[in-house]
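One structure is given below, encoded as structure tokens.
FYI, it's all coordinate maths here, none of it is from the lab. All of these numbers come straight from a predicted model, not from anything done at the bench. Don't worry about glycine lacking a Cβ; one is built from the backbone with ideal geometry, like all the others, and counts go over all protein chains shown.
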Amino acid sequence: MPSMSLKPTGPEVLLRSGRTSYEFVRWLGWAHHGELVLACRRFDEAFSGFSVIKRPVAPVSEEARRRLLDEGRVASQLHHPNILAALQLKGPEDVPHLVMEHVTGMRLSALLEAAQRAQQPLSEASTCHVVAEVADALHHAHSLVDEHGRALGIVHRDVSPHNILLGEHGEVKLLDFGAAWSRLSGRVSSEGPTVQGSLAYAAPEHAQHLALDARADQFSLGIILLQLLTGRHLFEGAERFDARLRRARAPESDATRKCAQDLAQRIRSYSQEDLEAATRAVPEALRSTVLRALAPERAARFASCGHLAKALREYLRDTGQYVGRHEVLTELVALRYVSLRVEAGETPDDAVRERSLPDPGLRSAPRLLAHLRAARFRGPPRRR
């Protein structure tokens, strides 16, 4: 009997666009109304880099298809160094593929988990820099107008650590406008009883299902600022609930529904007293900024995310702290190192003591090591 030979199969081609093809590399995770995959981009069979592709999950519903098209239309308006770029919207009409730039790095949510393990917060300087960069990105989105000069009214609605990427070169990127609201004509209506985006980072007016503006995104970013400075969420335990929801795609259970209802009620009833209690551990020089960004009444917040970014950079200037991509990256490497050592069984103090920075001549190194030795997450806010 003749032997049978199996012809090796080639890589899965996800998409073709002219002479460019996109080959499947690996699955990256779930996103709004779809999934993310890493693709190898080839031009005339020659490697030309990597891209991230967002596509709807089979079986593709009409709503998922239209929402991905909406996201592509919104993303095509965004051109800012702190926003992950959407390059093109391709594929068959019933299964659109959104092609985006690929930036190697770690999500801010992973950094917060590492900081928790290491019992070390990010420095005030790096925190202000990262949050100011995201605020710049949001201000760009909020300020966009159409070809007739009419405001597009874009609101991200899912500003959370999961949607902020810290690149391997120290860049800061805001991700995923899949839950965004805008005034673009023909958009799919997303108003309803369900909070779009992460409930854990929703502004009070979002949980109350009121009309939203840019100050809702500012509130979400204010929660992240509080977390980075203190290691604590504004609503205790909300970040763990958010992480569970992002990991699990199972149908909503009664327990999950009850947790969501309780959290929504806490957000709706959020008061000035809650804010005062949550910010007691914030460094005094930054407390007024945090208090304003997290004001229960949106009229009391900064006029725009651009004003929030300006306040944070003025603090850095007034305190003589220069920080940019290089300094942030140096600190992230150190923090990640300490976290891995702690995960392996060492104490945070021992891990910091053994830390050896790649470049001992860095001017930022002594300050960084002093910060890591001295810093500990400040006391938790009062339970609400």
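For the charge dipole of region 105-318, defined by +1 on Lys and Arg C-beta atoms and -1 on Asp and Glu C-beta atoms about the Cα centroid, which residue among Ala200, Ala295, Gln218 has the Cα displaced farthest towards the positive pole?
About the Cα centre, the residue reaching furthest to the positive side is Ala200.
Using packing as a proxy for protection, rank 123-136, 295-308 so that the peptide with the highest average count of other Cβ atoms within 10 Å comes first.
Highest to lowest by the protection proxy: 123-136, 295-308.
Can you give the calculated 222 nm mean residue ellipticity of the chain, where each DSSP H run of n ≥ 4 adds -39,500 (n - 2.57) and the sum is split over every residue, rounded to the nearest 500 deg cm²/dmol?
-13000 deg cm²/dmol
Once you compute Rg and the Kirkwood Rh from C-alpha atoms, what is the Rg to Rh ratio for region 271-324?
So for region 271-324, dividing Rg by the Kirkwood Rh gives 1.01.
Run the dipole for region 55-138 about the Cα centre, Lys and Arg Cβ at +1, Asp and Glu Cβ at -1, nothing else charged, and hand back the magnitude in debye, nearest 20.
180
Residue-wise, which Karplus ³J(HN,Hα) couplings in Hz belong to region 331-338, taking 6.51 cos²θ - 1.76 cosθ + 1.60, θ = phi - 60°, and x for glycine or proline?
5, 5, 4, 5, 5, 5, 4, 4
Grab the alpha carbons of region 13-101, take their convex hull, and tell me the volume per residue in Å³.
97
Sort 65-78, 261-274 by packing, meaning the average of other beta carbons within 10 Å per residue, with the highest value first.
Highest-to-lowest ranking by the protection proxy: 65-78, 261-274.
Can you give the alpha-carbon Rg of region 65-207 over 2.2 N^0.38 Å, where N counts its residues?
So region 65-207 has a normalised radius of gyration of 1.11.
Could you work out the Kirkwood radius for region 105-318, taking every pair of different alpha carbons, averaging 1/r and inverting it, reported in Å?
Kirkwood hydrodynamic radius for region 105-318: 17.7 Å.
Long-range amide H contacts for Val282: which residues qualify at under 5 Å (H placed 1.01 Å from N, peptide plane, sequence gap of 5 or more or a different chain)?
Amide H neighbours of Val282: none.
When the Karplus curve 6.51 cos²θ - 1.76 cosθ + 1.60 is applied with θ = phi - 60°, which whole-Hz ³J(HN,Hα) does each residue of region 113-118 get, with x for Gly and Pro?
5, 5, 5, 5, 5, 7
Under unit Cβ charges (Lys, Arg +1; Asp, Glu -1), what dipole magnitude, rounded to 20 debye, does region 105-318 have relative to its Cα centre? Can you show the working numbers first?
On the way: 26 positive and 27 negative charges, 59 e Å.
Charge dipole of region 105-318: 280 debye, to the nearest 20.
Take peptides 139-147, 41-49, 98-106 and line them up by average Cβ neighbours within 10 Å, highest first, as a rough protection proxy.
98-106, 139-147, 41-49
Can you give the relative contact order of the chain as a percent, counting alpha carbon pairs under 8 Å and 6+ residues apart?
Normalised by residue count, the contact order of the chain is 16 percent.
Just how large is the dipole of the chain about the Cα centre, in debye to the nearest 20, putting +1 at every Lys and Arg Cβ and -1 at every Asp and Glu Cβ?
360
Once amide H atoms are placed 1.01 Å from N in the peptide plane, what residues at a sequence separation of 5 or more from Leu14, or on another chain, have their amide H within under 5 Å of its amide H?
Excluding prolines and chain starts, which carry no amide H, the hits are Tyr22, Glu23, Phe24.
Once the Cα atoms of the chain are picked out, what are the Rg and Dmax in Å?
When restricted to the Cα atoms of the chain, Rg and Dmax are 22.1, 84 Å.
Using θ = phi - 60° and the Karplus relation 6.51 cos²θ - 1.76 cosθ + 1.60, list the HN-Hα couplings for region 89-105 in order, rounded to whole Hz, with x at every Gly or Pro.
3J(HN,Hα) across region 89-105, in whole Hz: 10, 10, x, x, 4, 7, 9, x, 10, 9, 8, 10, 5, 10, 10, 6, x.
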